[in-house]
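The values are calculated or read from the model by the stated rules, or taken from the named source; none is laboratory data. Just so it is clear, the model here is predicted, and its values are computed rather than measured. We place every Cβ from the backbone using ideal geometry, glycine too, and count neighbours over all the protein chains shown.
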Amino acid sequence: MIYTLTTNPAVDMNVTADRLVPNKVSRTANPVYTPNGKGLNVSFTLHHFGVESTILGFFGGFSGRYIVDRANEKGCDVKPIWVDGITRINTFISLTDGSGDEYKLPNAGCPVPREQQVEMLELLRTLPDLDALVISGSLSPQIDPSFYDEVIDVLEERGAEFVLDISHPCLAHLIERGPLLIKPNDEELGQVFGIDVADESEIPDALREICARGAKNVLLTMGGNGAFFTDGEKVWRASAVKVDVLSATCAGDATLAAFLSRWFADRKNVEQALRRAMATGANVAMCAGLGDFALVDELEGRVVIEQVA
């Protein structure tokens, strides 16, 4: 069983607006409320592709209950750790003035006391069917980055694999723990790993360097410029699908989950996994939230995969 861990979930409110004017009322329209958090998005996407997973996370208040209830309605099991406070609500505003601009207003999240952090570690120790844990997103207030190491300690005790999709600077040392897969984006190559890439020809060597530091596999996402994947030896490049982007907020999470849906059980199935990943990310970028994945099969035919090293 794949589990996903979101330490800082959210309810996302996606709206559109003609324009935003300082110090005046700016009317919004087309509100879409979705249970969110990077790990939740991974589980929702895996479920769509027929791969069952269980959601772990810290939840509080009416918004936390909303997330758990909606996840259950989607057919995803949740094992929540409840905290005092209110799970955050994030706002994303897409302008309809033709600019293509999007304003992203995430909140910090509700604090997670040490007592609940320990409760999560104990839960991980007792899960009966823990094969892999996808650790995604930002940390809630009061959670020290060392919590990641504590989680990985438990996973090593259990003999479970782990996937990291985090942008915290501690990712640079966490890869020394041997994650099965990490999913940085192009900005994080420099910000987290200190690797500057002047052009795409330098990417294969950059990815191999990350693998040499401990990561077993790397999926590098580059938005509209496609993606690269390496298993430490070979390197593949996947083209992006050109679509009209409404919101890229959930696209990276869906890309990771779509890749895992084909690759986790068959590590040689790289090309088909990349094809589904890019098509899914593009389809999600066309929607507010995750959308319904209705165009994935069609978009797969527009993805070009090549082995570049």
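If ASN8 meets every condition in (1) assigned to a loop (DSSP other than H, G, I, E, B); (2) in contact (Cβ under 8 Å) with a residue 24 or more places away in the chain; (3) surrounded by fewer than 15 Cβ atoms within 10 Å (Cβ to Cβ) apart from one, which number is that one?
Condition not satisfied by ASN8: (3).
Which residue is surrounded by the fewest Cβ atoms within 10 Å (Cβ to Cβ), if the candidates are limited to the range 264-283 and must be part of a helix (DSSP H, G or I) and in contact (Cβ under 8 Å) with a residue 60 or more places away in the chain?
ARG276
Would you mind finding the one in PRO22, PRO35 that is in a strand (DSSP E or B) and without any contact (Cβ under 8 Å) to a residue 60 or more places away in the chain?
PRO35
Under the condition of being over 21 Å from the mean Cα position of the chain (by Cα) and of a type outside the set (Phe, Trp, Tyr), which residue from the range 74-88 is farthest from GLN117 (Cα to Cα)?
ILE86
Test PHE193 against the stated conditions and say whether it is at pLDDT below 95 and either small (Gly, Ala, Ser) or surrounded by 16 or more Cβ atoms within 10 Å (Cβ to Cβ) (or both).
Taking the combined requirement at face value, the residue satisfies it.
What are the residues in the range 86-112 that are in contact with a Leu (Cβ under 8 Å, 6 or more places away or on another chain) and of a type in the set (D, E, K, R), if any? Give the derivation first.
Of the range 86-112, the ones in contact with a Leu (Cβ under 8 Å, 6 or more places away or on another chain) are 90-95, 101-103.
Within the range 86-112, ASP101, GLU102 meet the criteria.
Starting from residues that are within 25 Å of GLY159 (Cα to Cα) and surrounded by fewer than 24 Cβ atoms within 10 Å (Cβ to Cβ), keep the ones in the range 11-49 and report whichever is nearest to the chain's Cα centre (by Cα).
LEU46
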